[in-house]
Amino acid sequence: MGVNFMARRVLDIRRNQAVKLPNGHTVRITLINHPGAVIIAPFLNKNTVVMMRQFRPALKKFIYELPAGTLDPNESLSTCAHRELLEETGLLTKKLTKLGSIYPVPGYSTEIIHVFKAEQLTLTQAQPEEYEVIETMPMTKIQVRQLMSQGKLMDAKTICTLAFCGWL
């Protein structure tokens, strides 16, 4: 898509923000305001989910994840989920089901991630952003659980999503 990474990922960081607590005390915190995000568990069938091995520059390594992404301004959750699924995996879905929502880092961020399950998939061409290095791989529940038991599945949003789906 050619969009500059920094142009899409602007975070609103507020340092020394005063927050009044329910007990009447006021504390100062650093807060990251985040527009929200989606994560999608794409199921080829009831026994196979499409995982990704994605390079994360902040970690300087590949990690296992499910497709996910940040909401654009005024974008619906469904539109974002369809967009991210196509961009990162090349998959289109006819059935998208919202499973829930999570707060990944509530100690310092307002981010909420909306969890989806995608079924009835059709494969087209992936359209990753220029900064995304992604390998997709279908995996069974046994393979996913092996990744987890071997300490190779560490992405919190992916772990939560797989738990929502009954896979962990």
Any residue at all in region 74-85 that is closer than 20 Å to I134 by Cα and of a type in the set (D, E)? yes
Please find, among T122, T136, the residue that is in contact with a helix residue (DSSP H, G or I) (Cβ under 8 Å, 6 or more places away or on another chain) and either among the aromatic types (F, W, Y) or open to solvent by 40 Å² or more (accessible area, probe 1.4 Å) (or both). T136
Go through (1) over 19 Å from the mean Cα position of the chain (by Cα); (2) buried (at least 18 other Cβ atoms within 10 Å of the Cβ); (3) of a type outside the set (V, I, T) one by one and return the number of the condition Q54 breaks. (1)
For region 103-156, give me the residue count where each residue is in contact with a His (Cβ under 9 Å, 6 or more places away or on another chain) and of a type in the set (S, T, Y). 2
For residues that are touching a residue at least 24 places away in the same chain (Cβ under 8 Å) and open to solvent by 80 Å² or more (accessible area, probe 1.4 Å), scanning just region 141-158, find the one that is farthest from V38 (Cα to Cα). K152
Residue among P138, P128 that alone is closer than 14 Å to T89 by Cβ, modelled with pLDDT under 95 and in contact with a strand residue (DSSP E or B) (Cβ under 7 Å, 6 or more places away or on another chain): P128
Tell me yes or no: at least one residue of region 72-80 is modelled with pLDDT of 95 or more, open to solvent by less than 60 Å² (accessible area, probe 1.4 Å) and assigned to a strand (DSSP E or B). no
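The values are calculated or read from the model by the stated rules, or taken from the named source; none is laboratory data. Being a predicted model, the structure only gives us computed values, none of them experimental. Methodologically, a virtual Cβ is constructed for each residue, glycine included, from the backbone with ideal geometry; neighbour enumeration extends over all protein chains shown. Surface accessibility is based on the protein's heavy atoms, side chains included, excluding ligands, DNA and RNA. Shrake-Rupley method; radii C 1.70, N 1.55, O 1.52, S 1.80 Å.
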